[in-house]
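The values are calculated or read from the model by the stated rules, or taken from the named source; none is laboratory data. From a predicted model like this one, the values you see are computed outputs, not experimental measurements. Glycine also receives a Cβ, built like all others from the backbone with ideal geometry; neighbour counts cover every protein chain displayed. SASA here: full protein model, heavy atoms, side chains in, ligands and nucleic acids out. Shrake-Rupley method; radii C 1.70, N 1.55, O 1.52, S 1.80 Å.
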Amino acid sequence: MRWLLQRLAWAAVSLLGISMATAALLALAPLDPAVARTADPGVFRSETARASAVRALRERAGWVDPATGARRPFLACYGRWLRSAVTLDLAPEGEAPAEFRRRLARALATSALIASLALGLALGFGAVVGVATGWLRPGSALDRAVSLPLLGLLGLPEFLLATLALLAIGWLGLRGVPVKGLRTPGTDGLPLLARLADLARHAALPALLLAVTPAILIARFLRESVARALDAEWVFTLRAFGTPARTVRQRVLAAAARPVWTQLGTILPALVTGAVVIEQVFSLPGFGRLAFQAALQRDVATIAATTHIGSAIVLLGLIASDALHRLGDPRVRFD
Amino acid sequence: MRIGAVVVLAWGLLGAVAPWLANDVPIVARADGVLRWPVAERLTDGFSEAPGARRWKDWWAELPVDASGGDWAVMPPWTYGPGEVLPGQALDRPSASHPLGVDDAGRDQLARLLHGASTAFLVAFGSVLLSSCVGCVIGGLAGMRGARSVTDVVATRGIEVFTCFPAVLALLAGATYLGPGLPTVVAVLAAVQWPVFARVVRGELLSLRERPFVEAARGLGEGPLRILRRHLLPELRGPVLVAAAMVAAEAILAESTLTFLGLGLGLGSVSWGAMLDQGRAQAYAGAWHLWLFPALALASAVIALYALADAWRARPALTRPASAVPVRAPGAACSAAAPDRGDRGRRATS
């Protein structure tokens, strides 16, 4: 318990570091959203009009003092930025804060749906393949048959896999598989069950593609972990005592599964990066796409929200995986 | 191991000599009585024109066969350049004159693939070099000072911050300051990847410093620098090499993803990522040769690097000082799996 509190406190420090770094990057002159967004000379009639637009944007973002027009010191800017990130009261132009918060929540829900589906698929596939190949020892016929195709999938970027999947769908003539968005337009009036089915159909392909990399990583990791556990001396001893094969199997699998929990924590960032690509390909209104678009447009409000929320999720995931590992194996210490 | 190493070496060599292997300018030529090295000239200052302000290839095509006029040229074995546009041949399928076909802008795919290899390995090598230097120093300091020291706490926070930092933002910042291009991509990849090395080195050092042989060395009065050089660095070599191979593979993959997101090397560059992105755009039009060949090249390089990492991880000789006598642990003979830390410790001390 004390460990968990300590970890959370340190994670908060890290989060502060991340948000400071982001604010610093944004406030630096060439990345200043105001300058970037008024860079197109055709939009403004005169230099004074452009200057006042820059000032207005900087005021909104809190970089300058509205009363005097002077640049605020960095820490003051940072304070405002942090507050806006926590309370989410700074919305992109032309949007009410409540509206912005709802959009953010919807994006988060979309990504959470896809990511949890993908994680489930990855765990299921990784567990089956990893245990099978590990149990038969690396180098077995099954292992050799499975390893190379899996490595091949790992060696291709996600956007290409997605394109190939779409090509295959077109080639096979699968009309029923939707490839864009998360719901069919005009299905709002349908009963809940039908809407859920529609959602599942839309989420299936993105989740499957997002699951590819984590699934292979888990399978490879579990393969080594199972093989190592099988060769451990305590297994030899268990067998020598005449322990039933069933019990030995259970013990070995339990021992092999433990390190995988830590591995899950390191997979999480990959899941987030992969989500940016997959959401981009399938035009899903998810969190990764939101963050990416915000960064491209230097949209301070959205960057503030997505950076903090995204980093917090990754940090919490790292802590959760370490906590699971500790729960499973009291000998493990992370300090 | 062997296949992985061979493939990595082959791509590395091809990438290193790609400009002299496939280009539309001569390697060395005697033009108007002057000896010139157009390929090298083009690599260094980006501009090299044939006499009479012509394209080298036109000049070369008009050369007399017997070199009696005094002018001669040695062309690369593949006489198409990565940026050379072949009019009227856009999207041609693979044929005898263009084994990998022609892309949608009318450029020979084989030449682009070879030049893409040099880009891939520049990206991989550069980012691994940079990130391993930074990561090993930071991880090393943290590990040598020991857990709970101030250095370690600061380093761990730094690792966490850089692991979770939004990479897209870092890239945009990099592109704004340095301009899109190879240095930007390498710098940003290094910024994202150094925590990998730092974590590996720190973790190894923290467990190594508790091991009996290090304690014994300390007991014999050896200084920290000597312990580091004699006992710790040889042990670190294996894990760092494994991490380097993995990071190199991921750098090559990341470059293509960045290009897809529009944050890559920029329009003028030749890379597998750019080719794949082009192929993706043309895939629905049925131009399979635009994505298949770069995909094979990329996948083979990445798989080979992963295989190399696996092989290094399984090789005990790399993870132990050369002077130690190898003793086989029970069961190690029949498994190619990585020896776990505890296992290795037992063997090294038995």
Here the residues of the stretch A:211-242 whose accessible area is at least 20 Å² smaller with all protein chains than in the chain alone (probe 1.4 Å) are A:Arg220, A:Glu224, A:Arg228, A:Asp231, A:Glu233
Protein-protein interface of the stretch A:145-160, residues with accessible area decrease of at least 10 Å², isolated chain reference, 1.4 Å probe:
A:Leu148, A:Leu151, A:Gly152, A:Leu154, A:Gly155, A:Leu156, A:Pro157, A:Phe159, A:Leu160
Probe 1.4 Å, all protein chains present, accessible-area order of B:Val39, A:Val86, A:Val272, largest first:
A:Val86, A:Val272, B:Val39
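Percent relative contact order of chain B, based on C-alpha pairs within less than 8 angstrom and at least six residues apart?
Details: 506 pairs, mean separation 62.6, N = 350.
Averaging sequence separation for qualifying contacts and normalising by length gives 18 percent for chain B.
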Let me know the longest stretch in chain A that avoids all trypsin sites (Lys or Arg not before Pro) found in a DSSP loop with at most 13 other C-beta atoms within 10 Å.
A:181-330
Sorted by accessible surface (1.4 Å probe, heavy atoms of the protein chains only), largest first, A:Thr273, A:Thr302, A:Thr184 come out as A:Thr273, A:Thr184, A:Thr302
Taking chain A as the reference, fit the longest principal axis to its C-alpha atoms, fit the long axis of helix A:245-281 to the helix C-alpha atoms, and give the angle between the two in degrees, 0 to 90, nearest 10.
20 degrees
Which of the chymotrypsin sites (Phe, Trp or Tyr not before Pro) found in the stretch B:1-107 are loop residues per DSSP with 16 or fewer other Cβ atoms within 10 Å of their Cβ?
B:Phe47
What number comes out for accessible area per residue over the protein assembly as shown if the probe is 1.4 Å? Units Å², please.
47 Å²
Read phi for every residue in the stretch A:197-203 and hand back ³J(HN,Hα) as whole Hz from Karplus 6.51 cos²θ - 1.76 cosθ + 1.60, θ = phi - 60°, with x for Gly and Pro.
4, 4, 4, 4, 4, 6, 7
Cα centroid separation - the stretch B:187-234 against the stretch A:145-204, whole Å:
46 Å
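With each run of n ≥ 4 DSSP H residues scored as -39500 (n - 2.57), what mean residue ellipticity at 222 nm is computed for chain B after dividing by its residue count and rounding to the nearest 500 deg cm²/dmol?
Values: 13 runs with 213 residues, N = 350.
Taking each H run of at least 4 residues, the total per residue is -20500 deg cm²/dmol.
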Accessible area lost on pairing B with A, both sides, 1.4 Å probe, Å² to nearest 100?
4300 Å²
State the percentage of accessible surface on chain B attributable to carbon and sulfur atoms; use a 1.4 Å probe and exclude ligands, DNA and RNA.
66 percent
Got a number for the accessible area of B:Tyr306? Probe 1.4 Å, square angstrom, nearest 10.
10 Å²
Rounded tilt (10° steps) of B:288-314 against the dominant C-alpha axis of chain B:
20 degrees
Accessible-area composition of the stretch A:223-291, carbon plus sulfur, in percent [1.4 Å probe]
61 percent
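For the stretch A:102-328, what's the relative contact order in percent, using C-alpha pairs closer than 8 Å and at least 6 residues apart?
It comes to 30 percent, rounded to a whole number.
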